[in-house]
Amino acid sequence: MSTSQEDNAGADLVLAERHGAVLLLTLNRPDRLNAWTFALEERYFQLLDQAEADPEVRAVVVTGAGRGFCAGADLSDLQMVSSLDKTDVELAAPARPRERPLSMRKPLIAAINGAAVGLGLIEALYCDLRFSTPDAKLGTAFAQRGLIAEYGIAWLLPRIVGQSRALDLLLSGRLIQGQEALAMGLVDRVMEPEELVKAAVAYAADLAALSSPNSMRLIKDQVFRAMDSDLPSAIAHAEGLMLESFVHPDAAEGVMGFLERRPPNFQPLTLT
């Protein structure tokens with residue numbers, strides 16, 4: 001298969017649409033509430049890789065087609081894996097780690113338009129921010145399937161909502177909706193369905209226009225490092241980064257943009 005054919009493999013599983021400096025990705029299996037498959041994962045991660053490498057893309061929004069965000073892992077994929085032996089499962093392992101979105105160096109925002117359950121909730125938690133509709137249903141479901149807290153959710157969820165709330169959601173598997181999710185800090189905004197994607201893209205567009213891509217990359221890294229660090233270590237790390245930021249061209253441009261009352265013209269993010 002040629003490179004161009006590989007790039008377009010499974011293109012209909014995740015749709016990509018540019019809105020200026022924002023890339024909107026739509027999980028596109030609406031008849032299955034966008035249930036997660038290996039092929040969908042490969043396409044989604046491929047598009048994240050491309051967005052990260054594209055200097056014209058400064059933020060990404062991900063949502064779902066139809067009535068769901070992602071209803072979890074597709075049971076047909078689970079049944080296939082359960083029939084494999086250990087060697088087959090290792091050979092079928094994806095090329096990128098499942099937590100690939102966490103390493104995204106550009107802002108990644110989830111627009112949760114419907115059910116986000118199990119693996120679907122995890123994918124939303126891998127994003128930096130989460131916007132939701134009032135009626136979206138969010139839940140873990142793992143204990144109700146005889147499973148465990150998968151793919152790092154036992155680490156992520158308590159850091160977002162606190163230990164007892166995380167245990168409530170993980171042990172009970174109960175579904176919650178937008179306003180309760182907002183109250184516990186699981187989502188950051190709640191808005192009506194017709195405004196959801198528009199609002200998420202507008203927020204991402206503001207980040208793209210007003211915030212330095214280099215600063216956003218470094219701040220994301222700082223936050224994740226600090227979650228497993230103490231305050232003196234976080235301060236020491238910030239002091240080193242601060243000295244570097246003073247000599248970065250974006251620092252001078254940020255000041256001049258403010259003084260001249262104009263949007264800053266920050267440099268695109270370059271991968272090293």
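Given the condition touching a strand residue (DSSP E or B) at 6+ places or on another chain (Cβ under 6 Å) and modelled with pLDDT of 95 or more, answer yes or no: does some residue in region 154-170 qualify? Scanning region 154-170 turns up no residue that is touching a strand residue (DSSP E or B) at 6+ places or on another chain (Cβ under 6 Å) and modelled with pLDDT of 95 or more.
Criterion applied to PHE246, PHE224 was being farther than 27 Å from GLY120 by Cα, loosely packed, with under 14 Cβ neighbours inside 10 Å and not hydroxyl-bearing (Ser, Thr, Tyr), and the one residue passing it is PHE246.
The residues listed here are LEU186, LEU182, LEU171; of these, the one that is under 27 Å from ARG58 (Cα atoms) and in contact with a helix residue (DSSP H, G or I) (Cβ under 7 Å, 6 or more places away or on another chain) is LEU186.
Looking only at residues in region 176-204 that are open to solvent by 40 Å² or more (accessible area, probe 1.4 Å) and among the small types (Gly, Ala, Ser), which one is nearest to THR133 (Cα to Cα)?
Top of the filtered list is ALA183.
Determine if region 10-31 includes at least one residue that is crowded, with 18+ Cβ neighbours inside 10 Å, of a type in the set (D, E, K, R) and within 27 Å of LEU207 (Cβ to Cβ). No, there is no match, as no residue in region 10-31 is crowded, with 18+ Cβ neighbours inside 10 Å, of a type in the set (D, E, K, R) and within 27 Å of LEU207 (Cβ to Cβ).
Can you tell me which of ARG217, ARG261 is out of contact with any helix residue (DSSP H, G or I) (no Cβ under 7 Å at 6 or more places or on another chain), exposed (fewer than 12 other Cβ atoms within 10 Å of the Cβ) and among the basic types (Lys, Arg)? When all the criteria are applied, what remains is ARG261.
The conditions of being open to solvent by 60 Å² or more (accessible area, probe 1.4 Å), in contact with a Pro (Cβ under 8 Å, 6 or more places away or on another chain) and not hydroxyl-bearing (Ser, Thr, Tyr) are not met by LEU231.
Filtered by the rule that a residue be among the small types (Gly, Ala, Ser) and in contact with a Ser or Thr (Cβ under 7 Å, 6 or more places away or on another chain), region 246-272 gives ALA251, GLY254. Region 161-272 holds helices (runs of 4 or more DSSP H) entirely within its bounds, and those carrying 3 or more residues that are small (Gly, Ala, Ser) and touching a residue at least 24 places away in the same chain (Cβ under 8 Å) map to 193-210. Of all the numbered requirements in (1) surrounded by fewer than 16 Cβ atoms within 10 Å (Cβ to Cβ); (2) touching a strand residue (DSSP E or B) at 6+ places or on another chain (Cβ under 6 Å), VAL255 misses one, and that requirement is (2).
The values are calculated or read from the model by the stated rules, or taken from the named source; none is laboratory data. What you see is a predicted model; the values in this text were computed from it and never measured. Cβ: placed from backbone, ideal geometry, glycine included. Neighbour counts: every protein chain shown. With ligands, DNA and RNA removed, areas are computed over all heavy atoms of the protein, side chains included. Shrake-Rupley method; radii C 1.70, N 1.55, O 1.52, S 1.80 Å.
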